[in-house]
Amino acid sequence: MNLKDFHAPINTITIDRSKLEKKSGKNIYETICILDRVSQKLNKNLKEDLDKKLEEFYVLSKNNLEEIIENKEQIDLSKFYEKLPKSTSIAIQYLLDGKLKIR
């Protein structure tokens, strides 16, 4: 998953319900359920990716339990993940961009 390719809005925006229905070919309730499943999968993948990257820092700090040092790389990594759009916004943007195929 390439995290720099997410072009979803970071802030909440209003999206026309009929536009979502037209893109999905389903009614709004089915569309929301599908987007929920996609966003949960995205969220799980993002969490696994972050955990894998943070594991490196944990191994380093485990050796030096008495010494606590602010790790600039770890702080930058955390800031990067905090600035990413929410998984729901990413799922909606995938649908609007045609990257999400619903059968």
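Values in this text are rule-based calculations from the coordinates and carry no lab data. It should be emphasised that the depicted structure is a prediction, and the values quoted were computed from it without experimental measurement. Positions of Cβ are generated from backbone atoms using ideal geometry, with glycine treated the same way; all protein chains shown enter the neighbour counts.
For Ile75 and Gln40, FRET efficiency with R0 = 30 Å and r from the beta-carbon atoms, rounded to 0.05?
The calculated FRET efficiency here is 0.60.
Tally Lys and Arg at +1 and Asp and Glu at -1 over the other residues with C-beta under 11 Å from the C-beta of Asp16: what net charge comes out?
Net of charged neighbours comes to +3.
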